[in-house]
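Here the structure is laid out as structure tokens; the discussion comes afterwards.
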Amino acid sequence: MRITGMRTTPVAVPFRTDEIWAFGRRRGQVSVLLELETDEGVVGLGEAATYPSADIVLAVFASLEPLVVGADPLRIEQLVRRIDVVGTWHHVGASSPAIAAVEMACWDIAGKVCGQPLVNLFGGRFRDEVEFFWYVARAEPDEVAEEGRRATAAGFSTCYLKVGADGPRRDVERVAALRDGAGSGARIRVDANEAWSPGSAVRVIRELARYDLELVEQPVSGRNLDEMAHVRSRVDVPLLANEASWTRQAQLAVIKAGAADVISVDNQMDDGLANLRRSAGMCEAAGLPVVKHSLGELGVALAAAVHALAATPNARPAHQAYGALLTDDVVDGFGGPAANYARGHLAVPAGPGLGVELDRDRVERYADLYRREGAGFGFHDRERVHAAAALPKF
């Protein structure tokens, strides 16, 4: 079997409310869908988050084509190493969601050829369903409280809130409102996106601790592990590494530095699903659970993540997905808006490969939206394009 073509389709799916974080916002999810065609008629699906932008991811796909077309899609490790070494990504020191999408599509082909769901190629189900959190993406305390009530009513057990406002009092008000809205039984996870200095992080986390936080994600710079370890040694709330841990090499450094209690892993930022599972194994050896990070994903990438996480024993906490924000999706019967989740969980798809298929009408609808309005869906906040932004904020 040989790969004969790569078909890419950028799509834009709106959120029901803007995603807002310490230094920006976006109004919806832009992904590039990949269809990897073969000479035997088997087509593999992949999906790339458009990070840092759609134009860059599409350019990476174009650069990968000479390395991918003609390859055997069942020799996944060989193909990824070719991209890494011959394609020089090893020297870049980072990866691209486009590479992960190629690897994902190859796994989809492998599952279809074997007639097995992808989870079985990863060792079988350790769990039958995977838990995700409710993304609280509103700013005002009364809105945050309402989102907490909405999460509880929808059956989600974990709420995730962006903090890192321009002043700490605002964050305290919002976390208090979330606890009030979600109730005493909900788990609350906050994410500062590197917004705090070490001293500020210790002070703010100690103040927020009275609201019984599950985790604080990346309170300080991910580039200074000594700072993270310093904060961890001075607070009682467990810390989750994210910006510090997007690759296996970075995760190993976090483990060595004793800088986190939980480590975030992301197949889209580290060459694919096989490496996500390598990351999880490394963290398991260190006695640490892992959480899947998301740059935003639709049903194709979400299905791939569910297969991998279901087969990974230490993928225990609720993971990141965008069900609380998405208004629609591009696949049939999986992922998408929160109504498609059962108590915040998604069951592992049962079909061969990823077990999902594209809804062609919706793909065309959201491809057309991307063509017309794609520039308005970017990661940056247009109101802050010319702002003098810097981290930490205080």
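Are there any trypsin sites (Lys or Arg not before Pro) in the range 210-310 that are in a DSSP loop and have at most 15 other Cβ atoms within 10 Å? List them by number. For trypsin sites (Lys or Arg not before Pro) across the range 210-310 that sit outside H, G, I, E and B with at most 15 neighbouring Cβ atoms in 10 Å, the list reads Arg223, Arg234. Within the range 293-321, what residues put their amide N at less than 15 Å from the label point 7 Å along the Cα-to-Cβ vector of Arg365? It comes to 299, nothing else. Using the alpha-carbon centroid of each, what span in Å lies between the range 85-137 and the range 228-267? Cα centroid to Cα centroid, the span is 22 Å. Size of the chain from its Cα atoms: along the principal axes, largest to smallest, the extents are 60, 44, 43 Å. Round to the nearest 10 and give me the degree value, 0 to 90, for the angle of helix 76-85's Cα axis relative to the longest principal axis of the chain. Helix 76-85 and the main axis of the chain meet at about 70 degrees. Listed peptides 293-300, 102-109 appear in the order 102-109, 293-300 once ranked by packing, highest mean of other Cβ atoms within 10 Å at the front. Most mobile of Arg371, Arg25, Arg203 per a Gaussian network model of the chain (Cα springs, under 10 Å)? Highest fluctuation of the listed residues: Arg371.
Taken over the alpha carbons of the range 137-219 as equal point scatterers, the Debye sum produces base-10 log I(q)/I(0) values at 0.13 Å⁻¹ of -0.34.
Mean projected area of the convex hull spanned by the Cα atoms of the range 7-80, taken over all viewing directions: 6.4 nm².
Couplings 3J(HN,Hα) of the range 245-256, computed from phi: 9, 7, 10, 4, 5, 5, 5, 4, 5, 4, 4, 4 Hz, in residue order, whole Hz [Karplus 6.51 cos²θ - 1.76 cosθ + 1.60, θ = phi - 60°; x for Gly and Pro].
Non-local lysine pairs in the chain, meaning eight or more places apart or on different chains, with alpha-carbon distances under 27 Å, amount to 5.
Each residue, Glu373 and Asp180, gets one label point 7 Å from its Cα in the Cβ direction; the gap between the two is 3.3 nm.
Expressed to the nearest 5 percent, the antiparallel share of DSSP beta bridges inside the chain is 55 percent. Based on the convex hull around the alpha carbon atoms, the range 120-347 presents an average projected area of 11.5 nm².
Read-outs throughout are calculated quantities, based only on the coordinates presented, and are distinct from any laboratory measurement. Remember, it's a predicted structure, so these values are computed and weren't measured experimentally. Cβ: placed from backbone, ideal geometry, glycine included. Neighbour counts: every protein chain shown.
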